[in-house]
Each structure stands twice: as structure tokens, then as C-alpha cells.
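Working notes, structure below.
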Amino acid sequence: MIRLVRGEFLKLRTTQVWFWLLLATAAVSALLIVAQLAPADGVRSAADVPNMFASSSEPYVLVFVLGVLGVTTEFRYQTITPTVLQTPSRWAIVGAKMITYALVGIAYALVAVAIQMAMAVPWLAAKGVHVDFGNGDVIRALAAVFGVVALFGIVGLGVGALLRNQIVAVVVGIVFLLVIQNVLVAIPGVKNVFPYTPGGAADAMLLTNVGPTDFNGVTLLAPLGGVIVLLLWAFVPAVVGAAYSMNRDIT
Amino acid sequence: MRAVDQLSFSVEPGTVTGFLGPNGAGKTTTLRILLGLVHPTGGWATIGGRPYRQLEAPARAVGASLESSSFHPGRTARNHLRIMCTVAGLPDQRADAVLELVGLRDDARRKVRGYSLGMRQRLGLAQALLGDPAVLILDEPANGLDPDGIRWLRGFLRMLADQGRTVLISSHQLAEIEAVANHVVILNRGRLVRSGSLAELTAGTDRVLVRSPAAGALGEALARAGAQVVGAGGGTLQVRGMTTDQVGHLAFQAGIELHELAGRRSDLEELFFALTAAGPPPATPPPGYQAPEVAR
């Protein structure tokens, strides 16, 4: 399994997509800090700091895409053929990719958090707000960022393994995460589904001190509930993909 | 839709077996079933008695290069092989060694995007050889090679066979198979048409062509002497069961004038055409079908 994971990392490193998505992650992280600190009604007190750091998780969409590409690129360029010839077990292939993309998610989260800290800490100091890294809420928010981004790497991988088709998987994934989830919140009745979407579960993990009114009256799950729901979103597609889709004929 | 159908054959260790059939005969599908990439609805395929997917270290037992060159265009040849080395637990030097072997050393660090079809074929071969397997399965390895490349491939395959490897090579190019294979399996429309050694398959098919103004009399004389004679038109006869010497001698004795006398060795190509030509008649359009007008 260690060899397989190392092989997956080498696959990622020997193409360019990881670099561009990392660059996008850095840019999004930096922009989010500017957007939260520049306005007069932005982050003003230490109480706002945990939620500010929770925004480090926003590049989760990019890590999701990276995970999707981790499987679908193999089908697009048919490198899946040498891959399965070398490792006939689809479980081993999907398992190695899950580990790899969870680790990649942690690395991307590290970059996002580092950039946000480097920008926000001196900026807030200039505003007279001290960032206390010993604060429980800050620590919890940062831990949640790593958990959420790592799990979204697996969510993407699972969706890729399930759908196999690169364009379909990327488009379906992005439309769901960026459009459908947000539309759900606005529809009366249906909006109660939101806590069980990947985004809703992630928010439950990240935003520990918001009231129900912040989500159009939808009550998020408890943080642990969010963890469980996001774990399901991560593992169910991957398991179904390994058991079914990945086993379909490769021609 | 029928994809392959009731094919059955085995490949002996230490031989080069040519897997022949016209395009669409089911060659690639058969090889993909053998490699566990496609599930047959019935039947089985094993390598050394075990299905591919149950082999211990498949890449070390079996090397395969399939028709579709399957490489990421943005990755270099060397990196493609390094990934496989990493997974197989081989040192990176093994990648360099096989690239050298197939003549890609100078292009090893170029992205596959810029490779010609022939170079991709060589990279496919390098990939197949990476684990130093005893069994090689190559689907149309001569596709896209220039004449130099084809000559190189012949020598290369012969070298692999001389090393005692079992090679199964598919092709629709008969000359390629004839040049390297000692066994031939011929497939047509999913069915095994013939299999055996090259010598067995072409034995007994030699014939003599003879042209004479008195073809009728000559034909009778030959038939009386025990040959099978078929008229080929234009005063030409096709004779089986006799050598050119015997035909010439008989004509001389009978006082029959000859204008042409030639021996024809039947080669694999003719055998192949003879075996695969007889298929169902071409599909006729259903009643009431009208060919669509072509817009101008």
C-alpha cells in the first residue's frame, strides 16, 4: 500500500494540475482575508477570529476537483489500463488514492492556513486585535479546516471513481457544491436537507459559534454530526466506485 | 451485439504466437479479457493456470502493451515508467534500462505529447518489459512503425523469444506475424478459424501454375497421372499434388507445348484470405429503407 501511495504522489507530481490548483488555493485564501479585513464592518474583534480562519477551508472546491481528476484523468488518457494491469485490485487502487488525496488536502489546507495567518495576524495587530492561538475556538476552527479539506479530497476521489467520466464528474461536482447546495437553503421545507449536504456538514464542523438564522433558519448539525455526514459523503461514493464502477470493463 | 464468440486456444511457453484476424475480429477484446480488463459473459482465460487478476505480482509475470497507447500527454516517458517502478518496488534505473532497450533513451525526458505513434509503440514495449516478465502480450505492436521500426521490432521480438519468453502478438499485418511467429492462431468474427505451427498451416498447399495452348489435353493428362487440376482461365491450369518437374516431364512426354510453368508457394497471406474470406453476405437494407439524400 505504501508503494501504491508513493506511486499516486508521483503521478500527481509529474503533471502540472497540482501546481495550478495550489496557486488558485493561495489566491483564493489571500482574497478571502482581504474581503474579511478590508471592509469597515469586517473582522473587528477577537470573537470574529475563529470564523475568519474557518474561511481557510474555502479552497475545498479546488481540492475536490483535484480528487476528481485523480481518478478521471486516468480514464481520460487510459493510463487506467497500466494502472489496473499493475494493481488488479480496484480496492487497493481506490484505497491508495483516498489516502493520497486526503494527504494532499491536508497539504493544501496547510498552504491556505499559512497564507491567511501571514496576512491576517499583522493586519489585525495593526487594528489592535490580538490573535490568541491558545483560544479553544481558534484551535477548533483550524482543526476543522484540515478535516474538511482532507475529506473533500476523498469526496472528489469517490465521485471520480463513481462516474469515471472527467467532464461529467467535474461539472456535476462543481454545480452541486457551488449552486445546488446554496439554492437548497433558499427553498422553504427543502432547506432542511442542507445540513446533510457536504457543504452543510462542512459548515457544521467549521462554524461553531453561529446562530440558526445565519442559514435562513436552517439549524446545522452538531460538529460531530457534521464529521459523520462528511465522512459518509467521502466514503460511500469511493466504496461504491471501487466495488462497481471501477470494475466495469476497461476498453 | 456479439463481441468475440466461442474462441478457444492456448499458447505454449517459449514460443512466439501470432494472433491473427481482420480488423474487428475480436483480437483486442480477447486480449483484454485475458488481462482481466473486460469481463467475459462466459468462459475463462488464464495465464499459467490462473486468471490475471489472481496473479501474485502480475506486472512481473506478464508484460502487456495494448493497442491504445495509454499515456498522459503531459508526462515524460521516463516519469510514466518511474511511476510503475515505484508501484512495483523497482529502482528508477530499471526505467532507464528499458528505455535504452527500446531506443528511447534520448527522448526519455520529453513529454509524451510530442511523441510519434512509433515512439509511443516503443514506450508501450518498454512498459511491457519493465517487470522483466516471462510472458509478453502485445496488441498490434507494429502499428505506426516506419519500415526501419518494423525491422527493428522483428529483431527485437526474435531476441525476446530467444531469451525463452512466451510472446503473444496480435496483428492484422500478416507479413509481421510470418516474420516472427512460430505458432499462429487465426480468428475471424470471434471464432477460431485455425491454429497450429506456421509449417503445419502452410503444408500441402503448394501448387503449380501451367499455361498451355492445349490446356484441355494437358489437364486430362495431368488428371490421369493423379494430380488435382483446376482451370484458371486463359489457358492456365492450377495443379496440386505435383512438382513443376513432374508437370514439365509429363507435358514433354505428351508432346504438349507449354508457355509458362511456375511453382507457387502458398504463404500465410493466401491461407489467411482463404480462411477469413467466407463470411455472411453483406447486409441488405431492410424493405422500405431509402438511402438518405445527401445535402448539397
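Quick note: the coordinates plus some simple rules give every number you see, no bench work behind them. Just so it is clear, the model here is predicted, and its values are computed rather than measured. Cβ atoms come from the backbone with ideal geometry, glycine included; neighbour counts cover every protein chain shown.
With a 10 Å cut-off around each Cβ of A:10-22, the average count of Cβ atoms from other chains is 3.
Computed over segment B:192-246, the alpha-carbon pair-distance distribution with 10 angstrom bins reads 23, 44, 20, 12, 1, each value a whole percent. The mean number of partner chain beta-carbon atoms within 10 angstrom of a residue's beta-carbon across peptide A:72-83 is 5.
Across segment A:93-251, the mean sequence separation of Cα contacts (distance under 8 Å, 6 or more residues apart), normalised by length, yields a relative contact order of 28 percent. Full extension of the chain between residue B:252 and residue B:132 yields a length gain of 37.1 nm, computed as 0.36 nm times the residue separation minus the alpha carbon distance. Remark: mean inter-chain Cβ contacts per residue of A:85-97 equal 4, using a 10 Å Cβ-Cβ cutoff to other protein chain atoms. Long hydrophobic helices in chain A: the complete DSSP H runs spanning 18 Å or more by Cα along their own axis with mean Kyte-Doolittle hydropathy of at least 1.0 are A:17-37, A:60-76, A:90-126, A:136-163, A:223-243. In this simple spin-label approximation, residue A:31 and residue B:92 carry label points 7 Å from Cα along the Cα→Cβ vector, and these lie 3.6 nm apart.
Close amide H partners of residue B:194, meaning residues 5 or more places away or on another chain with modelled amide H under 5 Å apart, are B:186.
Using 0.36 nm per residue and subtracting the Cα-Cα separation, the extra length available between residue A:193 and residue A:249 on full extension is 16.6 nm.
With coordinates expressed along the principal axes, the C-alpha atoms belonging to chain A extend over 61, 42, 27 Å, beginning with the largest. Taking 7 Å steps out from each Cα toward its Cβ at residue B:159 and residue A:106 produces label points 4.6 nm apart. Averaging the sequence gap over all C-alpha pairs within less than 8 Å and six or more residues apart, then dividing by the number of residues, gives segment A:1-159 a relative contact order of 40 percent. Each Lys or Arg adds one and each Asp or Glu takes one away; over the other residues whose Cβ falls under 14 Å from the Cβ of residue B:134, this sums to -1. Think of segment B:88-226 as having a plus end and a minus end, set by charges on the Cβ of Lys, Arg, Asp and Glu; of B:98, B:216, B:168, B:216 sits farthest toward the positive end of this dipole. Translational diffusion of the protein assembly as shown was estimated from the Stokes-Einstein equation, with Rh taken as the Kirkwood radius over Cα pairs; at 4 °C and 1.567 mPa s the coefficient is 46 µm²/s.
Using the rule -39500 (n - 2.57) for each DSSP H run of four or more residues, divided by the residues of the protein assembly as shown, the 222 nm mean residue ellipticity is -16000 deg cm²/dmol. Full extension of the segment from residue B:46 to residue B:243, taken as 0.36 nm per residue of separation minus the current Cα-Cα distance, would add 66.5 nm.
Amide H contacts of residue B:63 (H built 1.01 Å from N, in plane; Pro and chain starts excluded): B:135, B:136, B:137 sit under 5 Å, all sequence-distant by 5 or more or on other chains.
May I ask for the net charge around residue A:75, where only other residues with Cβ less than 13 Å from the Cβ of residue A:75 are counted and Lys, Arg are +1 while Asp, Glu are -1? Overall, the nearby charge balance is +3.
In this structure the amide hydrogen of residue B:207, modeled in the peptide plane, comes within under 5 Å of the amide hydrogens of B:264, B:266, none closer than 5 places in sequence on its chain. For all pairs of alpha-carbon atoms in segment A:122-251, what percent lies in each bin of width 10 Å, listed from the first bin to the last filled one? It works out to 12, 33, 30, 18, 6, 1, 0, in whole percents. Taking Lys and Arg as +1 and Asp and Glu as -1, the other residues whose beta-carbon sits under 12 Å from that of residue B:36 total +3. Modelled label positions at residue A:114 and residue A:131, each set 7 Å beyond Cα in the direction of Cβ, lie 1.4 nm from each other.
Only one residue of A:19, A:89, A:225 has its Cα farthest out toward the positive end of the dipole of the protein assembly as shown, where Lys and Arg carry +1 and Asp and Glu -1 on Cβ, and that residue is A:225.
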